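Take a look at the structure set out below.
The values are calculated or read from the model by the stated rules, or taken from the named source; none is laboratory data. If you're wondering where the values come from, they're calculated on a predicted model, not measured in any experiment. All Cβ positions, even for glycine, are placed from backbone atoms using ideal geometry, and neighbour counts span all protein chains on display.
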Amino acid sequence: MNSFIKEYLANIIPVTFNLMAEGSEEKIGKGDPQFTVTIHKIPDKKELLTSTSLALGEAYMCGDIEVDRDLYEVLDLFLGEMGKFKTDKNVLKKLILTSRAPKNQRQEVQSHYDIGNDFYRLWLDDTMSYSCAYFKEEGDSLYTAQVQKAEHILQKLYLKEGMSVLDIGCGWGFLLIKAAKEYGISGTGITLSEEQLKAFQQKIVEEHLEEQLTVKLMDYRDIPKTGQKFDRVVSVGMVEHVGRGNYQLFMDCAKQALKPGGLFLLHFISSLKEHEGDPWIKKYIFPGGVVPSLREMLFCAAENGFHTMDVENLRLHYNRTLLCWKRNFEEHMDEVEKRFDKRFVRMWDLYLSSCAATFHNGIIDLHQALFTNGINNDLPMVRWY
């Protein structure tokens, strides 16, 4: 058996496993094997030394590597060792350091979110919420948890009837629709996804909310040009797409859109420390995406005169959300394969499984941060949510 691949996998997989390759099988490690890795085609050595995640991820997508246990369970056993993964930043420079220009970022966003609304309906819940849910009880369904997440955010925003709300990266619009119907606000949502725009516009008409809500195909950098000021600004799962060099600009734009004393809630995937991101994720799932650290965003907020009111970590909620999405996706794999192909199915399964595992291992977190634009002495002195 190839000695390089044995040593390579043994270095990044901390548990005992069976390895099948080149017509032979060997146990790697001591004790009972946790799973079996079958390699039909050994990845190129140069590619493995350039990027562990890219080489192994592409091999899995193509069916060159298989495991005999649930993919999430396998990844959960060793993704905590991602610090041992190889990443040649010089070779991967173009992939890691992508352009922050508006045109490029619009294309990057649309490459993911404009796959098709019908595709996302297969595995999201009825709210079409593509972000971390909020599970209050063990038996909560995904739908219940997504409704609870929206309510959790709206309560934090301390909404009053007649207030104006801007949602930066509004997705399919559930948050603003709920806010308009239950809190009597007027709202504007912006997105770079044409598919989300069409679906949100249709929902506004169906709910007879034309007088309260509007949605625009707009880059966050264009917000200040409108001259509009809002009582509240919210952004859920959007800042991860803007790039490290644009975090401060993003906060600048939120600042300019918010009235003095207004509240700004930022819901975002975060990391403990700053890093460039995973090459496989950047190539196949979120081109240009970079996960910020919590301290980066708090620093940027302070630079804009935002006062931090509260920070909440929902890491395990996102782990559970992703596992719900994974189960839903698995129920529709045959349908997805007919629409795309087997490689796409394996890619998306790897995406959902690996993200669930990285949240479970604490490689990434999910934070909600609540800010006031300057001083606001009219809020309750204790948490009201």
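Some notes on this structure:
- Complete set of residues in segment 358-380 that are over 18 Å from residue 153 (Cα atoms), aliphatic (A, V, I, L, M) and either assigned to a loop (DSSP other than H, G, I, E, B) or more than 13 Å from the chain's Cα centre (by Cα) (or both): 363, 375
- Total residues in segment 72-101 satisfying the condition of being at pLDDT below 85 and either more than 21 Å from residue 56 (Cα to Cα) or in contact with a Leu (Cβ under 6 Å, 6 or more places away or on another chain) (or both): the figure is 5.
- Candidates in segment 223-261 are the residues that are of a type in the set (Gly, Ala, Ser) and farther than 21 Å from residue 155 by Cα; of these, the one that is modelled with the highest pLDDT is 227.
- Scanning segment 341-385 for residues that are surrounded by 15 or more Cβ atoms within 10 Å (Cβ to Cβ), without any contact (Cβ under 8 Å) to a residue 60 or more places away in the chain and more than 25 Å from residue 14 (Cβ to Cβ) yields 344, 345, 348.
- Restricting segment 332-357 to residues that are closer than 17 Å to residue 63 by Cβ, of a type in the set (D, E, K, R) and part of a helix (DSSP H, G or I), the residue that is nearest to the chain's Cα centre (by Cα) is 349.
- Residue list for segment 24-61, restricted to those being assigned to a loop (DSSP other than H, G, I, E, B) and not aromatic (Phe, Trp, Tyr): 29, 30, 31, 32, 33, 34, 40, 41, 42, 43, 44
- Any hit, segment 301-315, residues being closer than 28 Å to residue 70 by Cα, assigned to a strand (DSSP E or B) and either assigned by TED's automatic domain parsing to the domain that holds residue 143 or basic (Lys, Arg) (or both): yes
For (1) over 18 Å from residue 284 (Cα atoms); (2) among the basic types (Lys, Arg); (3) surrounded by fewer than 18 Cβ atoms within 10 Å (Cβ to Cβ), each residue gets a yes or a no:
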| residue | (1), (2), (3) |
| --- | --- |
| 57 | no, no, no |
| 63 | no, no, yes |
| 72 | yes, no, no |
| 93 | no, yes, yes |
| 97 | no, no, yes |
| 103 | yes, yes, yes |
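- Flag if residue 201 is in the same structural domain as residue 274 (by TED's automatic domain parsing), touching a helix residue (DSSP H, G or I) at 6+ places or on another chain (Cβ under 6 Å), more than 15 Å from residue 265 (Cα to Cα) and free of Cβ contacts under 8 Å to residues at least 60 places away in the same chain: no
- Test: residue 125 is assigned by TED's automatic domain parsing to the domain that holds residue 348, of a type in the set (Asp, Glu) and either surrounded by fewer than 18 Cβ atoms within 10 Å (Cβ to Cβ) or under 23 Å from residue 264 (Cα atoms) (or both): no
- In segment 257-304, residue surrounded by the most Cβ atoms within 10 Å (Cβ to Cβ) [restricted to those that are closer than 22 Å to residue 132 by Cα and among the basic types (Lys, Arg)]: 282
- As a summary of the residue check, residue 329 satisfies the conditions (1) within 26 Å of residue 80 (Cα to Cα); (2) more than 19 Å from the chain's Cα centre (by Cα) except for the one numbered (2).
- Looking only at segment 1-23, and only at residues there that are hydroxyl-bearing (Ser, Thr, Tyr) and part of a helix (DSSP H, G or I), the one that is nearest to residue 45 (Cα to Cα): 8
- Test set (1) farther than 18 Å from residue 196 by Cα; (2) assigned by TED's automatic domain parsing to the domain that holds residue 265; (3) surrounded by fewer than 20 Cβ atoms within 10 Å (Cβ to Cβ) - residue 145 fails condition number: (3)
- Being in contact with a helix residue (DSSP H, G or I) (Cβ under 7 Å, 6 or more places away or on another chain) and within 22 Å of residue 247 (Cβ to Cβ) is a description that does not apply to residue 94.
- Within segment 305-318, considering residues that are in contact with a helix residue (DSSP H, G or I) (Cβ under 8 Å, 6 or more places away or on another chain) and within 16 Å of residue 130 (Cβ to Cβ), the one surrounded by the fewest Cβ atoms within 10 Å (Cβ to Cβ): 317
- Residue satisfying condition, being of a type in the set (Val, Ile, Thr) and free of Cβ contacts under 8 Å to residues at least 24 places away in the same chain, within set 98, 144, 87: 144
- Applying the set (1) more than 27 Å from residue 194 (Cβ to Cβ); (2) touching a Leu at 6+ places or on another chain (Cβ under 8 Å); (3) of a type in the set (Asp, Glu) to residue 296 leaves exactly one unmet item: (2).
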